[in-house]
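Q: Attaching a single structure in structure tokens format; questions to follow.
The values are calculated or read from the model by the stated rules, or taken from the named source; none is laboratory data. Remember, predicted model here, so these are calculated numbers, not experimental data. As a convention, Cβ positions derive from the backbone with ideal geometry for all residues, glycine included, and neighbour counts pool all protein chains shown. Each accessible area value is taken on the protein alone, full model and side chains, heavy atoms only, with ligands, DNA and RNA left out. Shrake-Rupley method; radii C 1.70, N 1.55, O 1.52, S 1.80 Å.
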Amino acid sequence: MERSADHSTTESTTDGDQTETAPDRTDTGAELAQLEDRWRRALADLDNLRKRFAKDLDRARAAEVAKVSAAWLPVLDNLELALAHAGSDPQAVVEGVKATRDQAVQVLAQLGFERHDEVGVPFSPELHEVVSVVSQPDVPSGTVIEVLRPGYGEDGRQLRPASVVVSRPEG
């Protein structure tokens, strides 16, 4: 018997004619089983990979939450100290609250969210939210003249924009 390219067999007859028989089913069946096995293994590997990435993502989120929470603990401690001394000296409490606020601003800066409360700078829609517009002849149009609520973050990554009052031209 001779084998052709399509995996069928040919038989020689006594008079020199060749007749074709059915494809070799054992070879194609084995090949099909092997391909099915490889396909199932690839699907299982993909499923395992998805599960592992989901676990890794959950672990990374939990680690970030713990990191941010730990950064805020000293701020909380200082607020508790200020409340414990609230009855003794009112000025000391005010000083303590200011120091705690500064510490909170520092924590936000360490997390990548700088405070923006600058006055006298040109209005930027990426950093500012206009709350009011007033006429001031001695100030160029579009200048921030008052910050009502500071903003935190940079152009592409903000917690919130600064709420500002902006100057407009006379007229």
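Q: Using a probe of 1.4 angstrom, how much of the accessible area of the range 90-171 is carbon and sulfur, in percent?
A: 53
Q: Can you give the relative contact order of the range 46-150 as a percent, counting alpha carbon pairs under 8 Å and 6+ residues apart? Kindly include the intermediate steps, with their values, before the conclusion.
A: On the way: 47 pairs, mean separation 21.5, N = 105.
In percent, rounded to a whole number, it is 20.
Q: Report the far tail of the P(r) of the range 13-171, meaning the percent of Cα-Cα pairs longer than 18 Å.
A: 78
Q: When Lys and Arg each count +1 and Asp and Glu each count -1, what net charge do the other residues less than 15 Å away from Glu126, Cβ to Cβ, add up to?
A: -3
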